[in-house]
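Trainee: One structure coming up, written as C-alpha cells, with questions to follow.
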Amino acid sequence: MNPLNESRRHLNRRHFFGRSATGIGTAALASLLGKDLLKGATSLPSTTFPNFAPKAKRVIYLFQSGAPSQLDLFDHKPELTKRFDEDLPDSIRQGQRLTGMTVGQKRFPVAPSKFAFKQHGQSGAWISELMPHISSISDELCIIKSMHTEAINHDPAITFFQTGSQIAGRPSIGSWLSYGLGSENSDLPAFVSMVSTGTGRPGGQPLYDRLWGSGFLPTTHQGVKFRGLGDPVLYLNDPAGIDRKMRRRMLDDIAAINQHKLEEFGDPEIATRIAQYELAYRMQASVPELTDLSNEPQSVFDAYGPESKKRGSYASNCILARRLCERGVRFVQLFHMGWDQHSTLPKQIAGQCYDTDQATAALIRDLKNRGLLDDTLIIWGGEFGRTVYSQGTLTKKNYGRDHHPRCFTIFMAGAGIKPGMTYGETDDFSYNITQNPVHVHDLHATIFHLLGIDHERLTYKYQGRRFRLTDVHGKIVNDILA
C-alpha cells in the first residue's frame, strides 16, 4: 500500500471543491494585497540575525523558581539588626501593594537576616555565608541588586520573565532565540529545559510546560523538556518490535503524506511536524549519549557536589547544561523549584542553597576551564524578591518573607559581562531601588544584545501586528557590558 495514494483516494468531492475554492481565493487575494499577506506563514524571521557581531553564542539560564530572598543572600543590610521587630516605616512602604497573604497583618515587623555576610574577592562583593562556593567565584560575577518587575504573584511573574508578558500565550525567550538564530546542532533542539525539585521546600510553586513554549511562533521553536525520570525525552525509544529500518520507512511515508498536505494548505505547522519527526529520529541517537554521564571523570562529580550523580537533581542538570553547550545547543534553562519561603525561611533557604551553591559555582568554573565561558552567558535569579518584614510570627531564630517585586537581586557571568562588579543600590531596608533600576525588559534587551540581536527588530507578525519579547519597551544596560 502506498500511503500517499491512500491519502489521495480519501479526497472526496466536497473536500476537493472546498480546497480548490480556498486555494483560488487565497491566490487572488494575495495578488491584490501583495506578498506581505502570507508572511505570517513563514517560520523564518524577516530580518537576518545576528544584526551585529555577538559576544555570546549561547545562554544558560539558572532560574530559581519561587523567588530567593535578596536580603539573606546578596543585599547586605547590617543596620537592620538594630531595628529587629520594629514596624516598617510608612515612609518606606509608601502604601505600596501587598499580597493577600500579608494584607491582613496588623504589623509589618522588620526581620534582619540571621545569616552572616562577608566581602569576597578583589571586587569586595557582599555575599551570605549560605553561598560559600559562589562566594569563591565572586570576581566572575556581575551582581545586579536593582532588578524590579511588575507582577506580585508567582505565575504572572514567572511568565513575565520567560515571555515578556504577564499573560500566558507569548513565546518564551528560548523560543525567540531559536526563531531568530536557529540551531548549531541538527541532532539536538536549539532550546532545552530541565526542572529540579528543591530540598528546602520540596515542590513549591508549580511550573508549566508553556513556560518553555513557543506561543504563536511555529512550534518547531518550542523548548524540549529533558526529564529526570524515565526516558530523558518522551518516546525516545522505539516500541517493541520496531527496529531502526522500520522506523525510517515509517517516517519517510509519514513525511510524504505531510509534504502533500503542506503543498495543499501551506500550513507552517505541517512543516514543523515534518521537521520535528526528523529531529526526534536523530535525537534517538544523540540524546542517550548526551545524557549518559558515566564517561565523566570522578573529579567532575566531586566539583559539582554530592547530588551530582543523582539524575534529575540541580547539580546533575548543571552537568547536562555544560554538555549541551559543548554540543551547540543555543538556550538551556534550568528551573529549580522551592524558593517560595513564607515561613521557616532560615531552614528552607539553607536547603535551597545546599542544592544550588556548589553546582552553580562548579558550572561557571567548568565552562571557564574548557574555554566556553567566553561565549556562554550565565544568568541566575528568580521572578521577584522577598520582603524585609516578616510574614507571620517573628522570632530571633525564625521568620518568613512575602513576595517583593520592587527590588531583588540576580547575577550574570560570562560572555560580554563585566566580571567582579555590583550594579544598582537599594535603600536601607532593601525595599526600594535608589540607583540604576533594571526592568525585566531591560534584562531581555541586554541578553539579546549580547547575542548580536537588536531586540526591537526580532519581531513576529501575529493577529495583525508585530510582537517582540520586549513588547513594548526595554533598554540595554550598557554599564554592565564588558
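Trainee: So I have (i) 91, 70, 41; (ii) 83, 54, 43; (iii) 91, 56, 44, and one of them is Cα extents along the principal axes in Å calculated from this model. Which one is it?
Mentor: (ii)
Trainee: What is the extension gain from ILE92 to LYS245, computed as 0.36 nm multiplied by their sequence separation minus the C-alpha to C-alpha distance, in nm to one decimal?
Mentor: 48.2 nm
Trainee: Moving to a separate point now. Project the alpha carbons of the stretch 399-482 onto their principal axes and report the range along each, largest first, in whole Å.
Mentor: Principal-axis extents of the Cα atoms in the stretch 399-482, largest first: 48, 31, 21 Å.
Trainee: Further question: Which is the longest run of the chain containing none of the chymotrypsin sites (Phe, Trp or Tyr not before Pro) found in DSSP loop states (not H, G, I, E, B) with at most 10 other C-beta atoms within 10 Å?
Mentor: 236-482
Trainee: Just list whichever of LYS114/LYS225; LYS261/LYS461; LYS82/LYS368; LYS55/LYS261; LYS396/LYS418 have alpha carbons separated by over 31 Å in the model shown.
Mentor: Listed pairs above 31 Å: LYS114/LYS225; LYS82/LYS368; LYS55/LYS261; LYS396/LYS418.
Trainee: Now for a separate question. Any chance you could run the full-extension gain for ASP479 through PHE216? It's 0.36 nm times the residue separation minus the Cα-Cα distance, nm to one decimal.
Mentor: 91.3 nm
Trainee: Please give me, ordered by residue number, the trypsin sites (Lys or Arg not before Pro) of the stretch 46-85 that lie in loop per DSSP and have at most 15 other Cβ atoms within 10 Å.
Mentor: When the trypsin sites (Lys or Arg not before Pro) of the stretch 46-85 are filtered for loop state and at most 15 Cβ neighbours within 10 Å, nothing remains.
Trainee: Full extension from GLU264 to GLU184: what is 0.36 nm times the residue separation minus their Cα-Cα distance, to one decimal in nm?
Mentor: 25.7 nm
Trainee: Then there's this: Within the chain, which complete DSSP H helices have Cα atoms spanning at least 15 Å along the helix axis and a mean Kyte-Doolittle hydropathy of -0.5 or higher?
Mentor: Correct list, ordered by number: 13-33, 268-291, 314-326, 345-369, 440-450.
Every number here is computed from the coordinates shown, using simple stated rules; none is lab data. Every value quoted in this text rests on a predicted model; they were computed, and no experiment measured them. Because the Cβ atoms are built from the backbone with ideal geometry, glycine has one as well, and the counts that use them run over all protein chains shown.
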